[in-house]
Amino acid sequence: MLLSQGEEPARTAGHGARRTVDEVPATASDEASRDAVRVAGSERLWSGAGTVGTGVVWGLRATGEGPPHRTAADLDEGAYTCGCASSQPPCPHALELLALHAGDRPVLRRSAEPPAWVAEWLTGVRGGIAADGAPGAAAGPGAKVDDGAGDRARAARRRADRRAGRITGGAQDLEQRLTDLLRGGLAAAQDPGNPLWEETAARMVDAQAPGLAHRVRELGEVPASGAGWPARMLEECALLHLLDTAWLGLGRLPAPLAATVRTRVGLTASAEGPAVRDHWLVLAQYDVPDARIVTRRVWLHGRASGRTALLLSYGAAGRTPDLALPVGSVIDAEVTPYPGGGRLRGELGRRFGEPYADPSPPPGGTTADALAAYGRALRDDPWLDAWPAVLGEVVPAPAAEGWRLVGADSTALPVAGPALSRPGLWKLVALSGGLPLTVFGACGHRGFEPLAAWPPGTSDGLGAREPVALL
Amino acid sequence: MSTTQTTARAPMDASWEDLVTSALLGTDRRPLTAESGDPAGPAALLDLAALHTVRRRAALRPAIGAAPPAPAPADPRPPLPAAARRRLAQLLADRSAPPGGGRRGTAPDLTELIPQWLASAEAHGYRAPAELLPALLDAARARTDLRTHVLAFAGPRGLWLAGLNPEWRFALRATARGAHRPDTTDPEAVRRLWADGLFAERVALLGALRERDPGAARSLLAGTWSTERAEDRLMFVDSLRAGLSDADEAFLEAALTDRSRNVRATAAELLSGLPGSALAGRMAARATTCVNPDRTGDALAIAVEAPHECDTGMERDGVVAVPPSGHGERSWWLGQLVEATPLGVWCERFGGRGARELVALPVADGWGGDLHAAWCRAAVRQRDPEWARALLGTPSTPPANGPGTASLAQRSTLLSTLPPAERSLWVADFIAAHGLSEAFQLLGVCPVPWEGPLGRSVVDALDIARDAGSYPWSFSGVMGLAERCLNPAEAGRLDVLTTTPAEPEGASPGAGGYWSEAFQRLVSTLRLRAAMDAELAPGAD
């Protein structure tokens, strides 16, 4: 769902803040340009590339001979410029740039300010006059020139409405398919050759609702998940139904819940102040690979605020995301939360000073505290599978089925299924040695997924007490 | 399209099971009845199911705790320095990485360094980091050659952890030094474990007791000997090998009449290692009727008259009557008699001549090979360095012309009876004289790291092989050994060899480049080993 992020209706402008990779070639004016976009590996030809705001991208495109082309695009305005001789904007180089932008490639540096040549060109585009003689000012016929902020806002709203309309169409379609499924019975979904899910997921991608598409694909895997699948299937169908009906009734929802629904459906939002400055302890950092993209998840605990925050960072498949914060280090930094989803996700802002190591564990709660926090979080986001929690003083214990984390009060949380087959489980057991320790992880309806642990206190005073990453 | 195709609301009190049944069979076939009495449609069912789902998730309660495992025994060893811990994690991570495939290139082969790293860490007496225990046990599970070191390093917590995961059961079977040693100080506990224990526990108990009090171990074994199963008796009698003394003779002599042939053979072998034993005397008596001084010629020689039959007495003393195919009966019997005869007997028999003189004597009628091979086995069995030296001869003599044996396997076992420093010197001289092509097995018994003359010999021989223009993979076995065994201090001397030399005439094409690569790998491996050792030094943090 990450690559195909669309714009949030309220703040979108132009041709979309970020198009999907698949979508880019659709605007290519001829077959040759289309091929050019598909040339993977064009990334290394770019230098000095960057992006500012949501829709301005630029870069220097090496050509093999002569100086590189200066290429830039203003997606808000649908304007392009390039030093090449192509007569049909967007030229292949501009399309490459769009593909890089859509793929969130690391070669594009986020900047506060565009370089002078881009700024000059933008002035020309946005000021309504394509300044003659400005460097690379070949804003072609594709450059739409309008005459004021009012028009731009109106255009943005029109585009947002268009996308919302598509999603609504998709949601209605999905609702129809779900009710048809329930009318005929879930037993039909067990048929392994059933193309329903792939086809429905593709329909949701068309409707620009990647969040719905993702859930639909996961739904397709439930029938093969072993005993008790009909109950799990009904749960997931019901939650998907809840999500698409929530979208269809978005206007009647309170603002925070509406933000959650928008995020869940697959619209991107941006972090909104106020930023929280704190000494953030890094609880966990791990990568979730996908076919096209690696998502790095970093969990932070605010030493002063007590807040938990999740940072996401992306890298192209096979590449390490840029953000690297080792478990157990502390950064003095500002984190700005994103709307929706209980405001868990944050964006790392300004950092103050160097990170330092702090081996002391975060304050932990009981098993009941962890479940209660999950229950509370469901009020803000009923689609949550799990919520972060620090368990203090738990002992991993083998049970009839899998493992449990047993608290001092003899209550326990089962270790979640997927975590049972990971090497991290045995690291946790080895670290504990049968003694209570502090564990950070995600607590949800499937159990507890341990992500990091702090070793038990040692009376001999020997040895480091550094936290150990479990994933 | 409308989202509320069915306006009738599903009954709020429908149970989750009702909902699942209706969903599974379909609302057309199995409708829920709405509060109004009308059948509720699929949308109403989904509404209600969503409510159930979120309500259930929001109201989850902790389970009742399972019984935690008993805490792991304390491990008083000091923790690893941080750099060494990172290194171990890296070595173990590399092990599980898929092999690069193809040529080895210039990078060190990290997996080959794990045993060495473990041995040094163990020598320093460090405690294994808890979080790396799973990876250590996985490594030992895949590679049996790592097990002893891993289990010693993993210590009590490693064993505790292995008890919780069936995949690591091997750790419980193995009786690693210090890791799983039964307590032998309480006679009552010993008696109880010996009476009721599992086979592996009893073997471990017997071994531990034998180490502390050989006589007590023998008595324990004698007490139940007649009731033990044959294959168990074999393992038990073999455990007397440790701390063998004349005090064991009576017990072993009795075992010569055991029902099991393997037990008899083992007892006979052990007795022949006791030069003062009655069996050794009987074998000497038989052997000396076959092997005698021959004074008929101008010079003293050795006359051999191999046995013509294998009587029941010989069989009782462990002589195997039927030779393996391709072996003559008489030479087979002769070999066994000489092998079990105390070597001192021959010096007496030949007028006080020493081993070196005896080995140099001509042997009549082509029996030399059989006689010398039997002496080699006897020297190894009786751990007699004097005879081993004589049978090895001088290292510069070509193997085919030397005394004793030309077999490299036999030579390496002979070498292993010599003091370690002497072994290295002998092999160094051997390599200086004959090069590396036959040195692999002999290098295997030399103490590591290869110091002084041995290290120089190997490096010089590699240099010569390179100049001769052959390909380095003809020496890949020795190269691999050198990477692991050369003293890291040699790295400096090797640097000059890493350049690509001009190809000598008649050289294999491209060999120079491959040699340069092989030497670069050798140097980088030695440097890495030096770094590993430095990280493990106490106070390295």
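The values are calculated or read from the model by the stated rules, or taken from the named source; none is laboratory data. Quick caveat: nothing in here was measured; it's all calculated off a predicted structure. Cβ: placed from backbone, ideal geometry, glycine included. Neighbour counts: every protein chain shown.
Of the candidates B:ALA40, B:ALA63, B:ALA49, B:ALA74, the single residue that is closer than 30 Å to A:THR411 by Cβ, within 14 Å of another protein chain (Cβ to nearest Cβ), buried (at least 18 other Cβ atoms within 10 Å of the Cβ) and of a type outside the set (Lys, Arg) is B:ALA49. Could we say that B:ALA390 is of a type in the set (Gly, Ala, Ser), crowded, with 19+ Cβ neighbours inside 10 Å and over 23 Å from B:LEU271 (Cα atoms) here? When the stated conditions are applied, B:ALA390 passes them. Residues in region A:289-301 that are modelled with pLDDT of 85 or more and farther than 14 Å from A:ARG351 by Cβ: A:THR295, A:ARG296, A:ARG297, A:TRP299, A:HIS301. Filtering B:ALA433, B:ALA400, B:ALA360 for residues that are free of Cβ contacts under 8 Å to residues at least 12 places away in the same chain and either of a type in the set (A, V, I, L, M) or touching a strand residue (DSSP E or B) at 6+ places or on another chain (Cβ under 6 Å) (or both) leaves a single hit, B:ALA400.
For region B:433-457, a tally of residues being within 16 Å of B:PHE475 (Cβ to Cβ), outside any loop (DSSP other than H, G, I, E, B) and over 26 Å from the mean Cα position of the chain (by Cα) returns 2. Residue count for region A:330-355 under the criterion of being among the small types (Gly, Ala, Ser), surrounded by 18 or more Cβ atoms within 10 Å (Cβ to Cβ) and assigned to a strand (DSSP E or B): the result is 2.
On inspection, A:ALA291 qualifies as surrounded by fewer than 16 Cβ atoms within 10 Å (Cβ to Cβ) and either of a type in the set (Val, Ile, Thr) or within 19 Å of the chain's Cα centre (by Cα) (or both). For the residues B:ALA373, B:ALA364, the requirement of being surrounded by fewer than 19 Cβ atoms within 10 Å (Cβ to Cβ) and aliphatic (A, V, I, L, M) singles out B:ALA364.
Does B:LEU414 qualify as being within 21 Å of the chain's Cα centre (by Cα), buried (at least 22 other Cβ atoms within 10 Å of the Cβ) and in a helix (DSSP H, G or I)? So B:LEU414 fits the description; yes.
The residues of region A:356-398 that are within 28 Å of the chain's Cα centre (by Cα), over 30 Å from A:ARG215 (Cβ atoms) and crowded, with 18+ Cβ neighbours inside 10 Å, listed by number, are A:PRO361, A:PRO362, A:GLY364. Starting from region A:373-389, take each residue that is without any contact (Cβ under 8 Å) to a residue 12 or more places away in the chain and list its partners that are of a type in the set (Val, Ile, Thr), counting only C-beta distances under 9 angstrom and pairs at least six apart or across chains. Pairs that qualify, where the first residue is without any contact (Cβ under 8 Å) to a residue 12 or more places away in the chain and the partner is of a type in the set (Val, Ile, Thr), are A:LEU378/B:VAL54. Checked against (1) loosely packed, with under 14 Cβ neighbours inside 10 Å; (2) under 23 Å from A:GLY433 (Cα atoms); (3) not small (Gly, Ala, Ser), B:ARG56 meets all criteria but (2). Per the listing A:GLY318, A:GLY346, A:GLY365, A:GLY341, the residue uniquely in contact (Cβ under 8 Å) with a residue 40 or more places away in the chain and touching a strand residue (DSSP E or B) at 6+ places or on another chain (Cβ under 8 Å) is A:GLY346. Listed by position, the strands (runs of 3 or more DSSP E) inside region A:383-471 whose residues that are at negative phi and more than 10 Å from chain B (Cβ to nearest Cβ) number at least 3 are A:386-398, A:437-444, A:447-454.
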